[in-house]
Amino acid sequence: MLSDVKNSRDRLIRILPGNIPPLLPSDLISQYREQHASGLLFKCLLYESEMANKGVDYVLINTFEELEGREAAAALSVNGCPAVTIGPVFLPSFLLGRNESVRSSMWEEDERCVKWLDMHPPESVVYVSFGSLAVKSQQQLQEIALGLEASGQPFLWVLRSDLGNGESAALPEAFNQRTKDRALLVSWAPQLKVLSHASVGGFLTHNGWNSILDSISMGIPMFGWPYFGDQSLNCRFAKDVWKVGMDFNELHVDDERLVRREEVESAVRRLMQSEEGINARKNAWKLKEAAAKAVMGGGSSFENLEAFIENMDQRTN
C-alpha cells in the first residue's frame, strides 16, 4: 500500500502480531505493494486469504520456534485454527543418515561436488547457488565470475543451464582455465551434502526459504542476493534479526542494478575473511544446534508434529 517502496526504508510497518520485528516496505512481495486497496490483484489476494482461513484445521509451518519465536508462529492462528512449527522438515532424515533421499529439486545432482570438496581445507570454500528459478543477465554473470575469481577464494558454483536469462552462462574468456585449481562449476548440486561438508565456509544465495533453512541447519553463514517473492524478507531477517547473514547495500528485490565484480569480490571476502563473517558463522552454529534439538525427540517441532498427528488420529476415530 505504499507508492514508493525503494525510497521508504524509514517507513517501518509496525502493526504486526506475535512480536514480529518491524518490516520494511521493500520486505513485502510485489503483489502487496499496491498503491490503492482497490487494486484488482491486491483484492484477489485478500479474497484468497479469506477463503484459505475457512475450513482449515491446522497451519503447519516449515520453521522452528527457536528461530522465529513461539509468539510469531502462534500469530498465524486464525479462527481457532492453530499454527505450529514442525521444521526444518528435512532435518530428521538428514540427522539419521538418510540424506540421500532428501531432494528439493528435479534437477540432476552432480555428485562430483563431494569428492571435490574433500580436497579443500575446512571452511575455505564459498558455495554459490541462486536456486532453481532465479535468473541473471549475461553481463551480471560475467561480473559474478570475475568477482569470484578476484576474491582468491575456492568456490563451488551452481550454473543451471538456464541461469543466463533462460540460456547457458557465457563466462569470461579463459575463466575456466584460470580458476581450474580452485573452482568447480556444476549444473546442480546436492545442497545438503555440500552445506554440511567441513570445507564449506559460506553461502552466496538467493535467500529462498529452503536454502535459508538448509544453511541455518548446517551452520553456514550467508551472503544474500534476493531475486523475488519472500526472498528480500528472508535476506533481511538473516542479516538483521538472526545475525547469520549479510547483503549488498541498497540492492532491493525487483531491482535490476548491475552488481559489479568489485562488489562480488568484497562480498566473498566479507563472508569468508572478516570479523563480520566470523560472528555470522558463530551465530549460525548456535542456530544449527537449536534446529537439531527442535526436530529430535522432545524438541519443539517434534512435539508439535506429534500433537498434530495425535489430534488428526482422534478426529478420524
- Hey, any hits in segment 294-305 for a residue that's among the hydrophobic types (A, V, I, L, M, F, W, C), within 22 Å of residue 216 (Cβ to Cβ) and not in a helix (DSSP H, G or I)? yes
- Task: Looking only at segment 83-113, count how many residues are modelled with pLDDT of 90 or more, exposed (fewer than 14 other Cβ atoms within 10 Å of the Cβ) and part of a helix (DSSP H, G or I).
- Result: 1
- Task: State whether one or more residues within segment 183-202 are crowded, with 20+ Cβ neighbours inside 10 Å, small (Gly, Ala, Ser), modelled with pLDDT under 95 and not in a loop (DSSP other than H, G, I, E, B).
- Result: no
- Residue within segment 263-277 that is assigned to a loop (DSSP other than H, G, I, E, B), modelled with pLDDT of 95 or more and closer than 20 Å to residue 152 by Cβ present: yes
- Query: Are there any pairs with C-beta distances below 6 angstrom linking a residue in segment 60-81 that is part of a helix (DSSP H, G or I) to a residue that is surrounded by fewer than 16 Cβ atoms within 10 Å (Cβ to Cβ), with the two at least 6 apart or on different chains, and if so which?
  - Reply: 71/18; 71/19; 72/18
- State which residue is nearest to residue 197 (Cα to Cα) when the search covers only segment 118-156 and only residues that are part of a strand (DSSP E or B) and not aromatic (Phe, Trp, Tyr). 125
- Filtering segment 132-150 down to residues that are farther than 18 Å from residue 257 by Cβ and either modelled with pLDDT under 95 or in contact with a Lys or Arg (Cβ under 6 Å, 6 or more places away or on another chain) (or both) yields 132, 133
- Note on the structure: Over segment 272-317, the set of residues crowded, with 16+ Cβ neighbours inside 10 Å, within 24 Å of residue 66 (Cβ to Cβ) and of a type in the set (A, V, I, L, M) is 280, 284, 287, 290, 291, 292, 294, 295, 305
- Message: Is it the case, given these coordinates, that residue 156 is in contact (Cβ under 8 Å) with a residue 60 or more places away in the chain, among the aliphatic types (A, V, I, L, M), within 24 Å of residue 245 (Cβ to Cβ) and buried (at least 20 other Cβ atoms within 10 Å of the Cβ)?
- Response: no
- Only residues that are at pLDDT below 90 and of a type in the set (Val, Ile, Thr): list them for segment 58-75, please. 59
- Item | Which listed residue is among the aliphatic types (A, V, I, L, M) and touching a Cys at 6+ places or on another chain (Cβ under 7 Å), from 156, 95, 148 | 156
- Message: Checking residue 172 against (1) free of Cβ contacts under 8 Å to residues at least 60 places away in the same chain; (2) of a type outside the set (A, V, I, L, M); (3) in a helix (DSSP H, G or I); (4) within 19 Å of residue 266 (Cβ to Cβ): exactly one of these is not met. Which one?
- Response: (3)
- Residue satisfying all of: in segment 203-219; in a helix (DSSP H, G or I) and aliphatic (A, V, I, L, M); surrounded by the fewest Cβ atoms within 10 Å (Cβ to Cβ) among these: 213
- Hey, does segment 30-52 have a residue that's among the small types (Gly, Ala, Ser), modelled with pLDDT under 85, part of a loop (DSSP other than H, G, I, E, B) and on the phi > 0 side of the Ramachandran plot? no
- Hey, any hits in segment 237-259 for a residue that's in a helix (DSSP H, G or I), at pLDDT 95 or above and either closer than 24 Å to residue 137 by Cα or in contact with a His (Cβ under 8 Å, 6 or more places away or on another chain) (or both)? no
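The values are calculated or read from the model by the stated rules, or taken from the named source; none is laboratory data. In this text the structure is predicted, and so the values were computed from the model without any measurement. With ideal geometry, Cβ positions are generated from the backbone for all residues, glycine too; neighbour counts draw on all protein chains shown.
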